[in-house]
Amino acid sequence: MRSEYVEREGVGRLAKITYVEYDGTEHVVDVPVGTSVMKGAIGNNIPGIDAECGGNRSCATCHIHGGVQWRDKVEEAKEAEQALLEYADGVDEDSRLSCQILVTAELDGLVVTMPESQG
């Protein structure tokens with residue numbers, strides 16, 4: 001279900017993102033537009049995204065599965081991101097590093113799933 005992104009005084013535009021842990025536990029949070037999906041998780045204490053490098057694209061501990069319905073709404077993974085994903089566990093065609101996905105109004109309603117482990 002899509003919701004309209006909201007704009008709150010002093011906060012700016014927000015997109016609703018659902019983070020799904022490997023065990024199925026869902027966390028639905030508002031993430032500011034312009035923030036990475038990874039920072040949205042870290043800022044809301046979502047378990048399952050470790051982000052050891054702090055979003056500097058030098059590890060793969062923010063690996064997520066984004067789903068086919070979002071592929072055309074996010075920028076394609078660059079070569080450096082693809083290379084890091086080779087070291088991640090449980091990679092599939094919908095795998096991305098959440099530090100490389102910036103939240104836009106178009107991503108309102110995005111659902112991402114975390115793998116069983118990061119690394």
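Between the residues GLN69, VAL91, GLN118, the greatest Cα displacement towards the positive end of the dipole of the chain, with unit charges on the Cβ of Lys, Arg, Asp and Glu, is found for GLN69. Counting protein heavy atoms only, the range 45-119 has 45 percent of its accessible area on carbon and sulfur, 1.4 angstrom probe.
Could you give the length gained on full extension between LEU102 and ASP72, defined as 0.36 nm per residue of separation minus the Cα-Cα distance, in nm?
Values: separation 30, 0.36 × 30 = 10.80 nm, distance 1.36 nm.
Using 0.36 nm per residue and subtracting the Cα-Cα distance, I get 9.4 nm.
Rolling a 1.4 Å probe across all protein chains gives LEU102 an accessible area of roughly 100 Å². Only helices enter this figure: runs of n ≥ 4 DSSP H residues, each worth -39500 (n - 2.57), summed and divided by the residues of the chain, yield -3000 deg cm²/dmol at 222 nm to the nearest 500.
For the chain, which semi-axes, largest first and in whole Å, follow from the square roots of 5 times the eigenvalues of its Cα gyration tensor? Provide the component values of the computation, followed by the final result.
On the way: eigenvalues 97, 41, 38 Å².
Sorted largest first and rounded, they come to 22, 14, 14 Å.
On a per residue basis, the chain carries 57 Å² of accessible surface, using protein heavy atoms and a 1.4 Å probe. Applying the criteria of a DSSP loop state and at most 12 other Cβ atoms within 10 Å to the trypsin sites (Lys or Arg not before Pro) of the range 27-106 yields LYS78.
Using Cα pairs under 8 angstrom and six or more residues apart, how large is the relative contact order of the range 15-65, in percent? Each step should come with its number before you reach the end.
Details: 52 pairs, mean separation 12.8, N = 51.
Once normalised by length, the contact order is 25 percent.
With 0.36 nm allotted per residue and the present C-alpha distance subtracted, the GLU21-ASP92 stretch has 23.9 nm of extension available.
Looking at the chain, identify the longest residue range that excludes and avoids all chymotrypsin sites (Phe, Trp or Tyr not before Pro) in DSSP loops having at most 14 other Cβ atoms within 10 Å.
Numbers: sites that count: TYR22, TYR87.
Between exposed loop sites, the widest span is 23-86.
Length gain on complete extension for the stretch ALA83 to ASN56, per 0.36 nm per residue less the alpha carbon to alpha carbon distance? Provide the component values of the computation, followed by the final result.
Details: separation 27, 0.36 × 27 = 9.72 nm, distance 1.40 nm.
This chain segment gains 8.3 nm when fully extended.
Give the range of the longest stretch in the chain that excludes all GluC sites (Glu not before Pro) found in loop regions by DSSP and having at most 14 other beta-carbon atoms within 10 Å. Intermediate values should be presented prior to the final figure.
Values: sites that count: GLU4, GLU9, GLU52, GLU75, GLU76, GLU86, GLU93, GLU116.
For GluC sites (Glu not before Pro) (loop position, at most 14 other Cβ atoms within 10 Å), the longest site-free span of the chain is 10-51.
The values are calculated or read from the model by the stated rules, or taken from the named source; none is laboratory data. These numbers were taken from a predicted model, which means no experiment stands behind them. Note that each Cβ is placed from the backbone with ideal geometry, even for glycine, and that neighbours are counted across all protein chains shown. The protein model used for the area step is the full one, side chains on, heavy atoms only, and it has no ligands, DNA or RNA in it. Shrake-Rupley method; radii C 1.70, N 1.55, O 1.52, S 1.80 Å.
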